[in-house]
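Notes follow once the structure below has been shown.
The values are calculated or read from the model by the stated rules, or taken from the named source; none is laboratory data. For clarity, every value in this text was computed on a predicted model and none was experimentally measured. Positions of Cβ are backbone-derived with ideal geometry, glycine not excepted, and every protein chain shown enters the neighbour counts. Heavy atoms of the whole protein, side chains included, go into the accessibility calculation; ligands, DNA and RNA do not. Shrake-Rupley method; radii C 1.70, N 1.55, O 1.52, S 1.80 Å.
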Amino acid sequence: MSTPILSLLAVVVLVVSGAGCVRGTQGPVPVADAFVQAFAERRVEFAAELTTAPERAGPALGSTWDQLQADGLVARTGAAQVSGDTATVEYTYEWRLPKNRLWSYSGRLRMGRNEGRWVVRWTSSSIHPRLGDTQTMALRSTPAPRARVNEQSGSDVLVPGTVSRVSFSAMQAPDAVSVATTLAAVLHRADRPMTAHSILAAAESSPDAYTVAVLGESESRAVTADLIGLPGVTVTQEWDLVPTDREFAPALLAQVRETLITEVDGTAGWSVVTMTANGAETGVLTDVPPRPAPSFSSSIDRGVQNAAQQAVDSRSEQAVMVLLRPSTGAILAVAQNEAADRDGPIALLGLYPPGSVFKTVTAAAALSVGRATPDSILPCPSRIVIGERVIPNHNRFAAGNVSLTTAYEQSCNTSFAVLASELPGSALHDAAAQLGVGPRYSIVGAPTASGSVPLADDLVQRIEDGIGQGKVVVSPFAMALMAATVALGAVPVPYLIDGRPTEVDGTRPAPAPDVIEGLRLMMRAVVTGGTAERIADQGQVYGKTGEAETEGASHSWFVGFRGDIAFATLLVAGGNSDNAVDVTRQMLAALPAGY
C-alpha cells in the first residue's frame, strides 16, 4: 500500500480511538466507520481514498449528494462478519432531503484486506444496496393536484388553471398612444371593454409595468397572437384559480378566490429513481405519492344563483340579491348585475337606508317590550307631526285606526312613527341585534357588513329610525339574515365554505317565540293582502316591502322567505318597492324544484 494510504489509515485509527470506539482497531469496522462518517460529512474524496477504486468512488459519492439535493445524511455502521481477508459491515443511511423529507435504508459494505490493511471493496452498493455499478440515483418531485372549489350540487366553480397577465410599460414604447389604442381594440375582442386613454393614463402613472388585464385561457388564445410584439407589452402565463363560468357570481367568487388561493396546494409526492450513465430512468428505490388538497365546498347553489342572477340582470340600475338557508345559515346565492359589480360586492358590504323593511325591527321592538301585539290599534293618518318632524305616508294615504298587522301590511309610516316614539331609546338597537343586524360576521370567503342601528334617546331620531330612515343603515346581506331569523326563530350563523366556521362579534339574543309568531303573521299579511300582493302566486311567501328615500331618488327593497329560503332584494335608486317585488318574483318563479 502506498505511503499516503498508510498515513490515511493511521489517521483513521487515531480518530476512531480518540472517539472512544471499543471495537478493536485491527478489524474492518474502524475503516467502515470512517468511510460512512466521511460520506455523511460530504468529504467524498476522503471516503473514496478508503476504497479500492477512489477514481470511481469519489464521483459516485459526490453525484449522490448532488442528485438527491440532500440537506444532510446520518450514517452509522452495524454488525460485522469477518471471513479471513474479507468481511461485510452493515450500514444504515438516513438522508435528509428538501422540504423535510426523510429517507432511510440499510445495506452492507464489502470489505477486503489489502497488504494487511482493511479497505472498502468499492461497488455502487456501498451507496445503496440496489444500485448497479453503472447506475446513479436522483430525487424526483411529483406535484400534487391543486384543490378545486365547488358549489352545493358538486359542480366546480373555481379550478386550477392558467391565466395570461397582459402588462404595458409606456416608457418602453416609442409610440405609447398607438400601442394603447391597439391594446384597447384587441382586448375589446376578449370582452374587456377599456379605452386607450384609460390604459395610457394608468401605464404612465405606474412606476412599473402596468397590468392591463388578466385573461383566461380561452380569452388568451383569442388575442395573444395580436399582443405579442407590441412595444412595451408583455404577456406572461401564471397559474391561478379560475372560474369555470365568468358569469357565475363573479363578485363573490373573486372574494372566495382571494381567501383560498394560498390553501389549494397539496403536498407534493417524491421518489428516488435509478438512472443509467445516459440519464435514462431504470427503476424506483422509494416512492411517496402526492397528497392533493381536498376540494373546497361552498354553500352556493348553482340553481338558486342562476335564478337570482337572471332576475337582477333584468334591471338596468344596480340590482342585488342575497339568499340564505335559514335552517343552516348557508349562503345560497349572492347575485349582482353588471352595474352593481362595478362597485364591488355591495350585496354583502354595501350599507343603505332600509326604508320600510326596517318596520320589521320596529314591530319586533314593540312586541318585545310589550308596547303592542299584532292586534293593537294604532292611528294611520296621512301625516303626523311628532316633535319637530312631519311624517307623511306614501302618496299621503290614510287608513284611520288600524291594527298593527294592517299598519305593517300597508306600510303605514305614521303608525310606526307613533310606535317608535313610545319605545325606549335602546329598543330598536336591541331588536335589531335579535334579528341579526348589527353584529360583525367574519365569514370565510365572504367579507360582510350587517349595518348599524344606533341607540336613539332623541325622539326625532327614534321616529326616523323607526321607519328605516334617520341614522339606520343595513346591507342586503343583513336583511336576508333578518328574514332568515323570522323563518327559523333564531339568528342562524351564516357561512360560505363548508368546515370554515363563522366568527360572530356581538350579542344576538334569540327573539321570544311570540315575537317571531307575530312577525310571521304580519309578513304573511303583506303578501296576501298588502304591498306585495303581486307575489302571492309564488306559494307561501312571507315578506316586507320598503322604499328608502335618498338624495334625489329612493331605493327599492323587498325581503322575506319561502320555505327554507330567505331573501333580500335591493334596487339602488330603483324607485317604488314594486320593482324589487317584481325582481324577487322572477327569482322565485325560476328556482329549481324543491325550493
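Quick check on my filter: what residues within the stretch 383-402 are open to solvent by 40 Å² or more (accessible area, probe 1.4 Å) and either acidic (D, E) or part of a loop (DSSP other than H, G, I, E, B) (or both)?
G387, E388, F397, A398, A399
Evaluate the stretch 571-587: report whether one residue or more is in a strand (DSSP E or B), hydrophobic (A, V, I, L, M, F, W, C) and touching a helix residue (DSSP H, G or I) at 6+ places or on another chain (Cβ under 6 Å). Walk me through how you get there before you give the answer.
Step one: of the stretch 571-587, the residues in a strand (DSSP E or B) are 571.
Adding the requirement that they be hydrophobic (A, V, I, L, M, F, W, C) leaves 571.
From what's left, touching a helix residue (DSSP H, G or I) at 6+ places or on another chain (Cβ under 6 Å): 571.
Looking for residues that are in a strand (DSSP E or B), hydrophobic (A, V, I, L, M, F, W, C) and touching a helix residue (DSSP H, G or I) at 6+ places or on another chain (Cβ under 6 Å), one finds at least one in the stretch 571-587, hence yes.
So which residues in the stretch 401-426 are more than 14 Å from E464 (Cα to Cα) and hydrophobic (A, V, I, L, M, F, W, C)?
Matches in the stretch 401-426: V402, L404, A407.
Among the helices (runs of 4 or more DSSP H) contained in the stretch 412-510, which hold 1 or more residues that are of a type in the set (K, R) and either in contact (Cβ under 8 Å) with a residue 40 or more places away in the chain or farther than 25 Å from S556 by Cα (or both)?
On the way: elements: 413-421, 427-434, 459-466, 476-488.
Per the criteria, 459-466.
Listed here are the residues, each with its yes/no results for (1) out of contact with any Gly (no Cβ under 9 Å at 6 or more places or on another chain); (2) at pLDDT below 95; (3) of a type outside the set (K, R).
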| residue | (1), (2), (3) |
| --- | --- |
| A398 | yes, yes, yes |
| V402 | yes, no, yes |
| T406 | no, no, yes |
| P424 | yes, no, yes |
| A431 | yes, no, yes |
| S442 | yes, no, yes |
| A449 | no, no, yes |
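Just to be sure, is A138 open to solvent by less than 10 Å² (accessible area, probe 1.4 Å) and either farther than 30 Å from E258 by Cβ or part of a strand (DSSP E or B) (or both)? I'd like the intermediate steps shown before the answer.
Working: open to solvent by less than 10 Å² (accessible area, probe 1.4 Å): yes; either farther than 30 Å from E258 by Cβ or part of a strand (DSSP E or B) (or both): yes.
Answer is yes for this residue.
Considering only the stretch 527-549, state which residues are closer than 14 Å to F358 by Cβ and either of a type in the set (S, T, Y) or not in a strand (DSSP E or B) (or both).
The one that is closer than 14 Å to F358 by Cβ and either of a type in the set (S, T, Y) or not in a strand (DSSP E or B) (or both): T545.
Filter the stretch 290-333 down to residues that are assigned to a loop (DSSP other than H, G, I, E, B) and at pLDDT 95 or above, then give me how many there are.
Residues that pass the stated criteria total 14.
What number of residues within the stretch 92-135 are open to solvent by less than 10 Å² (accessible area, probe 1.4 Å), within 17 Å of Q81 (Cα to Cα) and of a type in the set (S, T, Y)?
So the count comes out to 1.
Quick one: is E45 acidic (D, E), open to solvent by 50 Å² or more (accessible area, probe 1.4 Å), more than 22 Å from T286 (Cβ to Cβ) and not in a loop (DSSP other than H, G, I, E, B)? Reasoning before the result, please.
Details: acidic (D, E): yes; open to solvent by 50 Å² or more (accessible area, probe 1.4 Å): yes; more than 22 Å from T286 (Cβ to Cβ): yes; not in a loop (DSSP other than H, G, I, E, B): yes.
Judged against the criteria, E45 is a match.
Can you confirm whether the stretch 147-158 contains a residue that is in contact (Cβ under 8 Å) with a residue 24 or more places away in the chain, touching a Gly at 6+ places or on another chain (Cβ under 8 Å) and within 20 Å of G266 (Cα to Cα)?
yes
Which numbered condition trips up W270, out of (1) in contact with a Leu (Cβ under 8 Å, 6 or more places away or on another chain); (2) surrounded by 23 or more Cβ atoms within 10 Å (Cβ to Cβ)?
Among (1) in contact with a Leu (Cβ under 8 Å, 6 or more places away or on another chain); (2) surrounded by 23 or more Cβ atoms within 10 Å (Cβ to Cβ), W270 violates only (2).
Does any residue of the stretch 536-559 turn out to be within 22 Å of V437 (Cα to Cα), free of Cβ contacts under 8 Å to residues at least 40 places away in the same chain and open to solvent by 10 Å² or more (accessible area, probe 1.4 Å)?
No: zero hits.
Condition first: under 19 Å from G543 (Cβ atoms) and either assigned to a loop (DSSP other than H, G, I, E, B) or open to solvent by 60 Å² or more (accessible area, probe 1.4 Å) (or both). Now tell me which residues in the stretch 337-371 satisfy that. Don't jump to the end; show me each part of the working.
Initially, the stretch 337-371 is screened for residues under 19 Å from G543 (Cβ atoms), giving 347, 352-364, 367.
Scanning the stretch 337-371 gives P353, P354.
Go through the stretch 104-120 residue by residue and tally those that are at pLDDT below 95 and either out of contact with any Leu (no Cβ under 9 Å at 6 or more places or on another chain) or of a type in the set (D, E) (or both).
Filtering the stretch 104-120 for residues at pLDDT below 95 gives 113-117.
When the remaining residues are screened for being either out of contact with any Leu (no Cβ under 9 Å at 6 or more places or on another chain) or of a type in the set (D, E) (or both), the result is 113-116.
Result for the stretch 104-120: 4.
Go over the candidates A53, A38, A87, A32 one by one and state the one that is surrounded by 14 or more Cβ atoms within 10 Å (Cβ to Cβ), among the aliphatic types (A, V, I, L, M), modelled with pLDDT of 95 or more and in contact with a helix residue (DSSP H, G or I) (Cβ under 8 Å, 6 or more places away or on another chain). Step through it out loud before you land on a result.
On the way: A53 fails: in contact with a helix residue (DSSP H, G or I) (Cβ under 8 Å, 6 or more places away or on another chain); A87 fails: in contact with a helix residue (DSSP H, G or I) (Cβ under 8 Å, 6 or more places away or on another chain); A32 fails: in contact with a helix residue (DSSP H, G or I) (Cβ under 8 Å, 6 or more places away or on another chain).
Going through A53, A38, A87, A32 in turn, just one is surrounded by 14 or more Cβ atoms within 10 Å (Cβ to Cβ), among the aliphatic types (A, V, I, L, M), modelled with pLDDT of 95 or more and in contact with a helix residue (DSSP H, G or I) (Cβ under 8 Å, 6 or more places away or on another chain): A38.
Among the residues that make up the stretch 505-517, is at least one of them of a type in the set (A, V, I, L, M), surrounded by fewer than 17 Cβ atoms within 10 Å (Cβ to Cβ) and at pLDDT 95 or above? Full working, then the answer.
Step one: list which residues in the stretch 505-517 are of a type in the set (A, V, I, L, M), which gives 510, 512, 515-516.
Adding the requirement that they be surrounded by fewer than 17 Cβ atoms within 10 Å (Cβ to Cβ) leaves 510, 512.
Subset that is at pLDDT 95 or above: 512.
Looking through the stretch 505-517, at least one residue is of a type in the set (A, V, I, L, M), surrounded by fewer than 17 Cβ atoms within 10 Å (Cβ to Cβ) and at pLDDT 95 or above.
Count, please, the residues in the stretch 141-162 that happen to be surrounded by fewer than 18 Cβ atoms within 10 Å (Cβ to Cβ) and of a type in the set (A, V, I, L, M).
Final tally of qualifying residues: 2.
Give the stretch 141-170 a look and list any residue that's polar (S, T, N, Q), outside any loop (DSSP other than H, G, I, E, B) and closer than 27 Å to R221 by Cβ, or say none. First the steps, then the outcome.
Of the residues in the stretch 141-170, the ones polar (S, T, N, Q) are 141-142, 150, 152-153, 155, 162, 164, 167, 169.
Now narrow it down to the ones that are outside any loop (DSSP other than H, G, I, E, B): 141-142, 150, 162, 164, 167.
Hits for the stretch 141-170 are N150, T162, S164, S167.
May I ask you to verify whether A593 is free of Cβ contacts under 8 Å to residues at least 40 places away in the same chain, among the small types (G, A, S) and buried (at least 24 other Cβ atoms within 10 Å of the Cβ)?
Values: free of Cβ contacts under 8 Å to residues at least 40 places away in the same chain: yes; among the small types (G, A, S): yes; buried (at least 24 other Cβ atoms within 10 Å of the Cβ): no.
It is false that A593 is free of Cβ contacts under 8 Å to residues at least 40 places away in the same chain, among the small types (G, A, S) and buried (at least 24 other Cβ atoms within 10 Å of the Cβ).
Filter the stretch 255-267 down to residues that are surrounded by fewer than 17 Cβ atoms within 10 Å (Cβ to Cβ) and touching a residue at least 12 places away in the same chain (Cβ under 8 Å) and give me whichever is nearest to the chain's Cα centre (by Cα).
In the first step, residues of the stretch 255-267 are kept if they are surrounded by fewer than 17 Cβ atoms within 10 Å (Cβ to Cβ); the result is 258, 261-263, 265-267.
Narrowing the set further to residues that are touching a residue at least 12 places away in the same chain (Cβ under 8 Å) leaves 261, 263, 265-267.
On the way: I261: 6, E263: 8, D265: 13, G266: 15, T267: 19 Å.
Among residues in the stretch 255-267 that are surrounded by fewer than 17 Cβ atoms within 10 Å (Cβ to Cβ) and touching a residue at least 12 places away in the same chain (Cβ under 8 Å), the one nearest to the chain's Cα centre (by Cα) is I261.
Spot the failing condition for T405; the list is (1) out of contact with any strand residue (DSSP E or B) (no Cβ under 9 Å at 6 or more places or on another chain); (2) farther than 22 Å from A512 by Cβ; (3) surrounded by 15 or more Cβ atoms within 10 Å (Cβ to Cβ), and only one is missed.
Every listed condition holds for T405 apart from (2).
Here's the yes/no breakdown for (1) in a strand (DSSP E or B); (2) over 51 Å from the mean Cα position of the chain (by Cα); (3) over 22 Å from T274 (Cα atoms); (4) of a type in the set (G, A, S):
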residue	(1), (2), (3), (4)
S63	no, no, no, yes
A75	yes, no, no, yes
Q81	yes, yes, yes, no
V119	yes, yes, yes, no
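Return the only residue of A372, A456, A446, A417 being under 22 Å from E549 (Cβ atoms), touching a strand residue (DSSP E or B) at 6+ places or on another chain (Cβ under 9 Å) and of a type in the set (A, V, I, L, M, F, W, C).
Details: A372 fails: under 22 Å from E549 (Cβ atoms); A456 fails: touching a strand residue (DSSP E or B) at 6+ places or on another chain (Cβ under 9 Å); A446 fails: under 22 Å from E549 (Cβ atoms).
Matching residue, one of A372, A456, A446, A417: A417.
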